[in-house]
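Undergrad: Let me begin by handing over the structure; questions about it come next.
The values are calculated or read from the model by the stated rules, or taken from the named source; none is laboratory data. The model shown is predicted, which means the values in this text are computed figures rather than measured ones. So basically every Cβ, Gly included, is an ideal-geometry build from the backbone, and we count neighbours across all protein chains shown. The area values use the complete protein model at the heavy-atom level, side chains included, leaving out ligands, DNA and RNA. Shrake-Rupley method; radii C 1.70, N 1.55, O 1.52, S 1.80 Å.
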Amino acid sequence: MNQYWGVDADPTAQGRLKGARPVAVLDIGSNSVRLVVYERHARSLTPLYNEKTACALGRGLAQTGKIAYENIDRALTAIQRFALVSKLMRVGTTHILATSAVREASNSKAFVDAVEEIMGAKVTVLSGAEEAHFAALGALSGMPGFDGVVGDLGGGSLELSSIAGGTDSTGETHELGVIRLQDDSGVSPSKAQALAGKRLKKSRLLGGAGGSFCAIGGTWRSLAKVHQVLRDYPLHMVQNYAIKAADMLKLCEDIVAATATGKPYAGSEHVSSGRRDLVPYGAAVMIEVLKAGKFETVVFSALGVREGYLYGLLDDTERAVDPLMQMAEQMSVLRSRSPAHAEDLIDFTAELLTTIGITETAEETRLRKVACYLADIGWRGHPDYRGEQAVDMVAYGSATGVDHAGRAFLAEVLAVRYMGLKQKSMSQSLLALSGPTMSARARLLGAAFRVAYPMSAAMPGVLPRVGFVIDKGILKLHLPADLAFLDGEHLRGRLDQLAGVVGIKLTDVVAG
């Protein structure tokens, strides 16, 4: 039984899960102060509110040892507003995390005291090792199977950690934050790169073993967005964006070189004004990290210390929950006509695959079940547009635990489910990310959904009573005698389409 059935009766929380109490994380970094309010503390985190203010607490810190008082004032003003947001959103628990600037500044105590008074909660000042640990947990929370080195680049420092088998190693911290490098290099990305190379020589984790590098942090996310724009990539989403390390190295070298000549780097117009001047320093650090580690792949994570901290507070049972499956179950509760129907649909499609002789990998089974939970999320839309709306919700939603090919697969299933096998979604280039094999499977599942819904009307109880057989090359749909009236031209047409997807020419509907 799905644990999320029912929605909150609180009129201020329409569309929210029953019993959900928001949890917030206030992240006080060296470059920005950010508040994220999540719908509830769970394996799959859904942001209700996400805002940052650039406060540059780390600016000049390496030279003076102190946070500039004008930057403290800017941060406290933003935090006063964030306190009001937390109150208005009825946040249950607020976790306040502070990183390198607060950790290193000699005048941070008064600032921390003021934050605690405003927010009514204790500030946790993370050590470099703790910051690396929670960044690693953040990567794992969004990419459960990741193995490799994780790097979290902030304004004041770079934290590195290695993940193997779901466990991270002791982390490292390096004085390589983008604001720090901008100050230390005299505003020269080329000199910043030399400093990065020198400072990374003491790293024990960048031993040139190759494998995957997971990049976390706002400046590195901007690098990913630039890469996506320049290659005309159809999905402008950083989470789980994976590319060859050689491609990222080339982009970063081009950015540093362009900046050295005083010219804007390619794609800079697509970076926010607050990040634009910092990206070359992030590129400089990336170059030296990739060279030292001899990595083969770079994958970007939009989840970091904030999500990792919350993930670390979960018990072992909750940590083991599949975040993608949890998200899909929640979406089914919030947007489908009957969450129980998804369970029927899971069994219905499993029987179909067995009948036609298709076996699934564990990952294919997982994605099929997720697709079944999401199959009815577009019903409130206008018939002419619900297909595109459903595609957008899946492709561009906040789901984690799924790569870009998986997003494309789920989106194509819904495109076919709502628009038919001849669907002409505006997102064709995005759908193609799944590859030909999974695209064919998506078409099969979408066609199966189109057979299921006319019989069940999206309600549970009907699909368990029907079944498929192949008899002498004919795909037959069996109906119980009391449901014989379901047979008709519409259902037979949908069955013909389904059979065509798997290369079967003849179909029949048999009652009794």
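Undergrad: Cα centroids of the stretch 115-193 and the stretch 17-94: how far apart, whole angstrom?
TA: The two parts, judged by their Cα centres, are 17 Å apart.
Undergrad: Right, here's the next one. Magnitude of the Cβ-charge dipole of the chain, K/R +1 and D/E -1, about the Cα centre, nearest 20 debye?
TA: 760
Undergrad: Under the definition of Cα pairs under 8 Å and six or more residues apart, what whole-number percent is the relative contact order of the chain?
TA: Here the relative contact order equals 12 percent.
Undergrad: Further, regarding this structure: Over what distance in Å are the Cα centres of the stretch 403-480 and the stretch 341-371 separated?
TA: First find each Cα centre; the distance between them is then 10 Å.
Undergrad: Using every pair of alpha-carbon atoms in the chain, split the distances into 10 Å bins beginning at 0 and state the percent of pairs per bin, rounded to integers.
TA: 4, 18, 25, 23, 16, 9, 4, 1, 0
Undergrad: For a quick protection proxy, order the peptides 129-138, 273-282 by their average other-Cβ count within 10 Å, most packed first.
TA: Result, highest mean Cβ count within 10 Å first: 129-138, 273-282.
Undergrad: Lys/Arg Cβ at +1, Asp/Glu Cβ at -1, dipole of the chain taken about the Cα centre: which of Ser212, Gly148, Asn71 is farthest positive-ward?
TA: Checked the options; the winner is Asn71.
Undergrad: Along the three principal axes, how long is the stretch 169-328 when you take its alpha carbons, biggest first, rounded to the nearest angstrom?
TA: 53, 38, 28
Undergrad: Can you list the HN-Hα couplings for the stretch 277-293, worked out from phi with the Karplus curve (6.51, -1.76, 1.60; θ = phi - 60°), rounded to whole Hz and with x for Gly and Pro?
TA: Calculated HN-Hα couplings, in order: 6, 8, 4, x, 6, x, 5, 4, 5, 4, 4, 6, 5, 5, 5, 5, x Hz.
Undergrad: May I pose another question? Say R0 is 35 Å: what FRET efficiency, to the nearest 0.05, do Ala209 and Gln63 get from their beta-carbon distance?
TA: Calculated value: 0.45.
Undergrad: So for the stretch 366-419, considering every pair of alpha-carbon atoms, how many percent are separated by more than 18 Å?
TA: The proportion of pairs with Cα distances above 18 Å equals 22 percent.
Undergrad: Once every Cα of the stretch 391-507 carries one equal point scatterer and solvent is ignored, give the base-10 log of I(q)/I(0) from the Debye formula at q = 0.14, 0.15, 0.22 Å⁻¹, two decimals.
TA: Once normalised to I(0) and log-transformed, intensities are -0.65, -0.72, -1.18.
Undergrad: In whole Å, what is the distance between the alpha-carbon centres of the stretch 297-314 and the stretch 254-273?
TA: 28
Undergrad: Over all alpha-carbon pairs in the stretch 268-390, figure out the percentage whose distance exceeds 27 Å.
TA: 50
Undergrad: Once you compute Rg and the Kirkwood Rh from C-alpha atoms, what is the Rg to Rh ratio for the stretch 16-95?
TA: On the Cα set of the stretch 16-95, Rg over Rh gives 1.09.
Undergrad: Oh, and also: Just to confirm a number: summing +1 for Lys and Arg and -1 for Asp and Glu over residues other than Val298 whose beta-carbon lies under 15 angstrom from that of Val298, what do you get?
TA: So the environment of Val298 carries a net charge of 0.
Undergrad: Carbon-plus-sulfur fraction of the accessible area of the chain, 1.4 Å probe, in percent?
TA: 52
Undergrad: Counting only heavy atoms of the protein chains, get the accessible area per residue of the chain (1.4 Å probe) and round it to a whole Å² value.
TA: 42
Undergrad: Let's test the formula: R0 of 30 Å, r as the Cβ-Cβ distance of Tyr396 and Ile504. What FRET efficiency results, to the nearest 0.05?
TA: The computed FRET efficiency comes out at 0.30.
Undergrad: Which order, highest average first, do 317-324, 359-366, 239-246, 198-205 follow once you tally other Cβ atoms within 10 Å for each residue and take the mean per peptide?
TA: My ranking of the peptides, most packed first, is 239-246, 317-324, 198-205, 359-366.
Undergrad: Related question: Taking a cut-off of 25 Å, what percent of all Cα-Cα pairs in the stretch 29-166 are separated by more than that?
TA: Cα-Cα pairs in the stretch 29-166 separated by more than 25 Å: 31 percent.
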